Amino acid sequence: MERRTWTATRWAYNRDVRLAFDTWAGADEGEPLLLIMGLGVNRQWWPDGLARVLTGHGFSVARYDQRDAGESTHLPPTKPRTPATALLARRGEAYTAEDMADDAVAVLDALGWESAHLLGVSLGGAVAQRVAVRHPDRVRTLTSVSAVPGDAGGLGVLRYVHVPALARLSLMRHPDTAEGAVEAGLAIARFCASPSHPFDEQEGRARAERLADGGTRDVQAQSRQIGAQWHGPAISTITAPTLVLHGKDDPLIRTRAATAIASRIPGARLVVLPGVGHEIPEPVWETVAAQVRALSDGPTGRTGSR
């Protein structure tokens, strides 16, 4: 019998938006930790092995699909855009960044967690920062990985992004078929891969086939997510203990983004991961889990109640 890793899908609601989430099975007694995935893709992009290592460090792990991704609600079509043009727009067409932050809190509510540690990667890292600004009482610690400052917007984002790489991603086109989703997933995984850890094409394709994630080629959904504008306070108001992780060889987000986040959030600590790209590869799972554990155990870490 196949060993079960994640529980059955459950649902949270933020007004008319339904959010799919699940938890790592058999680890209900640890400290609550919510994983927030990046642009467009579903929650299954979180490596099972990383979740397993995190539970081994004493966390109860949950993950969810952001709006416009995975099994969660996909919003109606808006003005056609690419992620690059949506990023530079003056306003979002579908919803705000505050709405996306409130989605994470809706998942916490559905889990019965009064507060939790947050771990977000890429766009998920920006969302996690915004949750810590908007709902400080719900955040025990914040770990932002491979992200831009959560209060950056429009042209201000460009200083943190490798623009040619963003353009290449925006121009990727794949057929609206199951095989197209696989090819898109494989292309994105190859792009994000850590240069010090050779990309395994066979394993990458097998993983893309398992994920079957249409969000990898849904540029309109991606554009709605990345175009959501933040109107709240600056990230300098964050009070949660904060860890900023960033791959030294990230092909998409410049290291200066991590430096900016760490310098602006009081007490934040920056850890640059050598040889790591825009992902969390297996060789650093233990390092990441240990860093998150140390953050939660630190002198300002909040244990709180579930």
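The values are calculated or read from the model by the stated rules, or taken from the named source; none is laboratory data. Here the structure is a predicted model, which means the values were calculated and not measured. For neighbour counting, all protein chains shown are included, and Cβ atoms are generated from backbone atoms with ideal geometry for every residue, glycine included.
Data for the structure
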{"quantity": "Residue in the range 245-254 that is under 23 Å from residue 46 (Cβ atoms) and free of Cβ contacts under 8 Å to residues at least 24 places away in the same chain present", "calculated": "no"}
{"quantity": "Within the range 172-197, considering residues that are part of a loop (DSSP other than H, G, I, E, B) and modelled with pLDDT of 75 or more, the one farthest from residue 123 (Cα to Cα)", "calculated": "177"}
{"quantity": "Some residue of the range 245-267 being under 12 Å from residue 196 (Cα atoms) and of a type in the set (A, V, I, L, M, F, W, C)", "calculated": "no"}
{"quantity": "Complete set of residues in the range 71-100 that are closer than 16 Å to residue 16 by Cα, modelled with pLDDT under 95 and among the small types (Gly, Ala, Ser)", "calculated": "94"}
{"quantity": "Subset of the range 139-170 that is within 12 Å of residue 278 (Cβ to Cβ) and either touching a Pro at 6+ places or on another chain (Cβ under 6 Å) or of a type in the set (S, T, N, Q) (or both) - its residue that is surrounded by the fewest Cβ atoms within 10 Å (Cβ to Cβ)", "calculated": "165"}
{"quantity": "Out of 127, 121, sole residue that is within 16 Å of residue 270 (Cβ to Cβ), buried (at least 22 other Cβ atoms within 10 Å of the Cβ) and at pLDDT 95 or above", "calculated": "121"}
{"quantity": "Residue 238, sole failed condition from (1) more than 17 Å from residue 131 (Cα to Cα); (2) surrounded by 23 or more Cβ atoms within 10 Å (Cβ to Cβ)", "calculated": "(1)"}
{"quantity": "Selected residue (criterion: nearest to residue 193 (Cα to Cα)) from residues of the range 295-306 that are modelled with pLDDT of 85 or more and surrounded by 15 or more Cβ atoms within 10 Å (Cβ to Cβ)", "calculated": "295"}
{"quantity": "Matching residues in the range 1-54 - criterion: being in a helix (DSSP H, G or I), touching a Leu at 6+ places or on another chain (Cβ under 8 Å) and not basic (Lys, Arg)", "calculated": "44, 45, 51, 54"}
{"quantity": "Residue 49 vs. criteria among the small types (Gly, Ala, Ser), closer than 26 Å to residue 206 by Cα and either touching a His at 6+ places or on another chain (Cβ under 8 Å) or surrounded by 24 or more Cβ atoms within 10 Å (Cβ to Cβ) (or both)", "calculated": "no"}
{"quantity": "Residue under evaluation residue 169, criteria (1) modelled with pLDDT of 80 or more; (2) aliphatic (A, V, I, L, M); (3) under 20 Å from the mean Cα position of the chain (by Cα), criterion not met", "calculated": "(1)"}
{"quantity": "In the range 232-256, residue farthest from residue 284 (Cα to Cα) [restricted to those that are in contact with a strand residue (DSSP E or B) (Cβ under 6 Å, 6 or more places away or on another chain) and not in a strand (DSSP E or B)]", "calculated": "240"}
{"quantity": "Count - residues of the range 265-281 that are farther than 17 Å from residue 141 by Cβ and either part of a strand (DSSP E or B) or over 17 Å from the mean Cα position of the chain (by Cα) (or both)", "calculated": "4"}
{"quantity": "Flag if residue 103 is buried (at least 20 other Cβ atoms within 10 Å of the Cβ) and at pLDDT 95 or above", "calculated": "yes"}
{"quantity": "Pair list, Cβ under 8 Å, 6 or more apart: the range 260-289 residue at positive phi, other residue modelled with pLDDT under 95 and exposed (fewer than 15 other Cβ atoms within 10 Å of the Cβ)", "calculated": "267/300; 275/195"}
